[in-house]
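The values are calculated or read from the model by the stated rules, or taken from the named source; none is laboratory data. Predicted model only: the values in this text are computed from it and were never measured. Cβ sites come from the backbone with ideal geometry, for glycine too, and all protein chains shown count toward neighbours.
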Amino acid sequence: MPDTTIKTEILIHDLKVPISVIDAGAKSLLNRQDAYGPLTDKQIKVLNRIIRNTLTTQRLVNDVLELGRSREGVMITCDFSIASLVTCVLMEVFDLSDPGVADIIRKIQTYDELEKAVLAGGVRLSFDSRIWKSVVHLDEAKVRQILRNIVTNAFKHRSSFVQISGSIGEKQLTLKVKDDGRGIPQADHQKIFKTYFTTGSSLESAIKSHGLGLAGVMVLLKDMGGELILNSEDGKGAEFIVKIPL
Ligand SMILES: Nc1ncnc2c1ncn2[C@@H]1O[C@H](COP(=O)(O)OP(=O)(O)O)[C@@H](O)[C@H]1O
Ligand SMILES: [Mg+2]
């Protein structure tokens, strides 16, 4: 590995400490008003925004470090169920977009309850019970990062819903994420997998988009021997299909 890559990765790793100090400080102000003084509604709103953004930053740091591990061929495999994978991803996505739904998901036990809770947040789950309970042996952190990126994109670009489904064959796991947004024109189908490509042009979208998500997904999939298929036409939503060999 080139020297500069190691230095960059150490630097990224070292961001973890200051980020968690910011996070802990904001949470103290919010949750310990007895010790730190009472807050106005506006101040609570700002603190919640700070906490959500520290979470996003923590995830970006972890994702970049996971890509580094992947490049070095480090695989940490374990047994996990499709249920736990999808539930975790939904929790991570709702934590940022609709924390109320995330709190409900945390307390849920069954598929039917989860299906109902996320439907209120615009997500249609479509798993049969055999697949939902199936256990696979893969690198969970990597699979979760892949699914979270694709679901987050679908959330960002949907018009009203996101549909998540999956199936398991003898030799591969297939996960599908579909949305009803503006879709991706054929001319951009190759480009969106390239680093730093985004279709947003305003300053706001430049802050929110990095064009790193799908490029990272491709790196992780390649290292796991998987593939990503995109079905989309301009104006007709997008469907991303992930296939990972078991
Ligand atoms: N579901 C989707 N619908 C429409 N466009 C999408 C979708 N997913 C990804 N894209 C396009 O691909 C680009 C790259 O995605 P990504 O690499 O995740 O970067 P980011 O999400 O940071 O913009 C996005 O900026 C967007 O233009
Ligand atoms: Mg993205």
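Here are some notes:
- Residue within segment 207-219 that is at pLDDT 95 or above and of a type in the set (Ser, Thr, Tyr) present: no
- Filter result for Val151 (within 16 Å of ligand 2 (Cβ to nearest atom), modelled with pLDDT under 95, closer than 22 Å to Ser232 by Cβ and buried (at least 18 other Cβ atoms within 10 Å of the Cβ)): no
- Here Arg49 fulfils each of the conditions (1) among the charged types (D, E, K, R); (2) more than 16 Å from the chain's Cα centre (by Cα); (3) surrounded by 12 or more Cβ atoms within 10 Å (Cβ to Cβ); (4) not assigned by TED's automatic domain parsing to the domain that holds Gly181 apart from (3).
- Taking first residues from segment 147-162 that are aliphatic (A, V, I, L, M) and partners that are more than 9 Å from ligand 1 (Cβ to nearest atom) and in a helix (DSSP H, G or I), the Cβ contacts under 7 Å between residues at least 6 apart in sequence or on separate chains come to Leu147/Leu85; Leu147/Val89; Val151/Val89; Val151/Val93; Val162/Val151.
- Strands (runs of 3 or more DSSP E) within segment 98-194 that include 2 or more residues more than 27 Å from Val64 (Cα to Cα): 123-126, 162-168
- Comparison of Leu114, Leu119 shows that the only residue that is buried (at least 18 other Cβ atoms within 10 Å of the Cβ), more than 25 Å from Thr54 (Cβ to Cβ) and within 20 Å of the chain's Cα centre (by Cα) is Leu114.
- Within segment 166-190, being surrounded by fewer than 18 Cβ atoms within 10 Å (Cβ to Cβ) and either within 16 Å of ligand 2 (Cβ to nearest atom) or of a type in the set (Gly, Ala, Ser) (or both) holds for Ser167, Gly169, Arg182, Ala187, Asp188, His189.
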